Structures are given as C-alpha cells and as structure tokens.
Amino acid sequence: MFAKMDSGLFAGRASLAAMTILFATHSGLAADAIAVNSDDFIPPPEPSRFGRIEQKLADWHVVLGGGAIIVPKYEGSDEFKIMPVPFVTATFLDTVTIDPIGANIAVYEQGPFEFSARLGYEMGRKEDDSDHLRGLGDVDMGATVGAKAAVKFGPAEIFAQLDKTIGGSDGLEGRVGIEVNRPLSQSLMIGASASAVFADENYMQAYFGVTPEQSARSGLARYDAGAGLKRADFSISATYMLNQNWMVRGEAGVGVLLGDAADSPVVVDKIQPSGMLLVGYRF
C-alpha cells in the first residue's frame, strides 16, 4: 500500500541547484518542478539498517539524485538551456525538509490543514544570461523568508504561499494553486498542478521593468512594471519506483506570463515551457 504523503522526496514551487539555479532564477517554474514525496511509494527505512545510530538516522529520509532539465534562459526568453541536475533532499521527523531551494519547517498541522515556514534564496539574474538582457545590468542574489498554508482534500491540495526577498529584487511574491497526486499502482504515481503567481512592484520592476538608464544602454523601450498577476503555471508529472530504493521522475510544464510581465520589452515570449527527467535513490 502507499504510505502517507509527507513533505517531499524531491520537494513547487517549483527550483528547478544547477537545480539550485533553476529554482531561484525561474521562480515561476521552480517550486513545482520537483514535487515527489518521500513516503509516496515505500515505508520508511528499517531502523535496524543503521546500527548503533539507528534511532537518529531512521528519523531522516534522505534522497540523492540527478538528471537534466530544459528551461528558458531567463523568465521571458524564447531561447532554452539544458542543465544537469544534481540533487539531494532530507526530511527529518516529517517536520524539517532541506533541499536545493532551502528549508521548509512544518509549524502547525491539524486534520487537512497545514502551515509551514520557508527559508531560501533568490539567485537573481545576470545580464549575460542572454543577448537580449545586455545593458539591463544584474539582479543581485537575495535571501527569502516566507510561509505556506495548505488544505488537503483526498489526493488534492489547495495552497497559498508568500515569499519576501531580502536583498536582490527586495520583492514580494505570492502563489496560489492546486496540486493533485494520485497512485495508479504501487509503483506509479501521476500528478498535476495549476497555480497563479502574483508579485509586488519591487519584484516586477527588477525583472520586467526598464529604467531610463537601462533603456539607453540596452536599446529597449523604457517600461514601468507594476504589481499584480505575473504568470500562470501548469504541469504534469509521473514518478515510477523501479524497486525499493530507485525511482525515475519526469515532468513537463508550461508557464504563461500575464499582465505587466507579458507586456514588458524584456520578454520575448510569454509562453514558458520546461521539462525535467530525474533519477533518485532513497536511503
């Protein structure tokens, strides 16, 4: 039988390490990109496997993996890059999850309702990521703090999350959406998600605005990007357990830039597809 779904084998938003870079620089793709749960298919490891330190190690669910992902060169680009994806994630007592995008800490759980705190980072953007960005300068890296609330209805989860960047864009970004994960057999899990992303003026201006100085250097028209709806994201995934420890995960997604983001001269294509294939080993 399938065990209770917990906080994550490959935890959506989203990074996307090479994986870290994906999650942080393609925030619209990131949080949902790796969303497989560590207890989806198999029970926790037997404590006796760990000898004298069995009790401590048995509380940790650790997964190592790697693969490849294809994403736009930057959010709004019509060019793509293929990135190798090394990956590690660890969950302790179903409370703390550490992965390439940071840490998620379960604060409160009552019935179908969950609330958690989030710590991570935003990698920013480099103007040499694409010729189209020349003259716009870099968006610096920043730390992020946030929170997520979720309610589960059977295989579905409705969630809302909010993240504040300290440094870098100094922006505020929120996401609301729904995720559905359903087993088709004891080895195969399929999933789908849909979400909408909102951002404040600081975030929008940092990534989609063009100041007079940037316009003079880049040749792009001056543009003021205001707060509001930034994009909508949709994805489907499949996870297959090869045996007790090995698994393969594939995911395909598409984001659609909206509002001031879609109208920005920084954006070449408002349709933002992505794809991923990973192999993981659970200890």
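Along the charge dipole of the range 67-185, Cβ charges K/R +1 and D/E -1, which of 143, 92, 162 sits furthest on the positive end?
92
For residue 220, tell me the accessible area in Å² from a 1.4 Å probe, rounded to the nearest 10.
30 Å²
Report the normalised scattering of the range 146-283 as log10 I(q)/I(0) at q = 0.12, 0.17 Å⁻¹, calculated by the Debye formula with identical scatterers on the alpha carbons.
Values returned for q = 0.12, 0.17 Å⁻¹ are -0.63, -1.00.
Accessible area, 1.4 Å probe, largest first: how do 126, 230, 152 sort? Present the calculation step by step, with values, prior to reporting the outcome.
Numbers: 126 100, 230 0, 152 60 Å².
These residues rank, largest area first, as 126, 152, 230.
From the cross-link list 126/270; 152/230; 81/230; 81/126; 73/152, which pairs have alpha carbons spaced over 24 Å apart?
From the list (126/270; 152/230; 81/230; 81/126; 73/152), the Cα-Cα distance tops 24 Å for 152/230; 73/152.
Give the ranking of 282, 134 by solvent-accessible surface, highest area first, calculated with a 1.4 Å probe.
134, 282
Not counting ligands, DNA or RNA, and with a 1.4 Å probe, what is residue 132's accessible surface area in Å² rounded to the nearest 10?
The value for residue 132 is about 60 Å².
If each residue of separation counts as 0.36 nm, what is the full-extension length gain between residue 229 and residue 80 once their alpha-carbon separation is subtracted? Mind showing how you got there, number by number?
Values: separation 149, 0.36 × 149 = 53.64 nm, distance 2.40 nm.
Here the answer is 51.2 nm.
Over the range 219-283, what per residue volume does the convex hull of the Cα atoms give, in whole Å³? Spell out each step's value before the answer.
Working: hull volume 7.9 nm³, N = 65.
Per residue, the Cα convex hull of the range 219-283 comes to 122 Å³.
Work out the length of the dipole vector of the range 53-207 about its Cα centre, built from +1 on the beta-carbon of each Lys and Arg and -1 on the beta-carbon of each Asp and Glu, and round it to the nearest 20 debye. Kindly include the intermediate steps, with their values, before the conclusion.
Values: 12 positive and 23 negative charges, 88 e Å.
Roughly 420 debye for the range 53-207.
Please work out the ratio of the alpha-carbon Rg of the range 135-174 to 2.2 N^0.38 Å and round it to two decimals. Show your work: numbers first, answer last.
Working: Rg = 14.8 Å, N = 40, 2.2 N^0.38 = 8.9 Å.
Taking the Cα Rg and dividing by 2.2 N^0.38 Å, one obtains 1.66.
Using protein chains only and a probe of 1.4 angstrom, how many square angstrom of residue 211 are accessible, to the nearest 10?
Surface accessible to solvent at residue 211 totals approximately 40 Å².
Work out the FRET efficiency for residue 188 and residue 88 from their Cβ-Cβ distance, taking R0 = 30 Å, and round it to the nearest 0.05. Spell out each step's value before the answer.
Working: r = 24 Å, r/R0 = 0.80.
Calculated value: 0.80.
Can you tell me the dipole magnitude for the range 133-283 around its Cα centre, using point charges on the Cβ only (Lys, Arg +1; Asp, Glu -1), in Debye to the nearest 20? Present the calculation step by step, with values, prior to reporting the outcome.
Numbers: 13 positive and 16 negative charges, 116 e Å.
So the dipole magnitude of the range 133-283 works out to roughly 560 debye.
Can you put 207, 223, 240, 121 in order of accessible area, largest first, using a 1.4 Å probe?
Numbers: 207 15, 223 40, 240 105, 121 60 Å².
Result, largest first: 240, 121, 223, 207.
The values are calculated or read from the model by the stated rules, or taken from the named source; none is laboratory data. The structure presented is a predicted model; accordingly, all values stated were derived computationally and were not measured. Backbone-built Cβ (ideal geometry, glycine too); neighbour counts: all protein chains shown. With ligands, DNA and RNA removed, areas are computed over all heavy atoms of the protein, side chains included. Shrake-Rupley method; radii C 1.70, N 1.55, O 1.52, S 1.80 Å.
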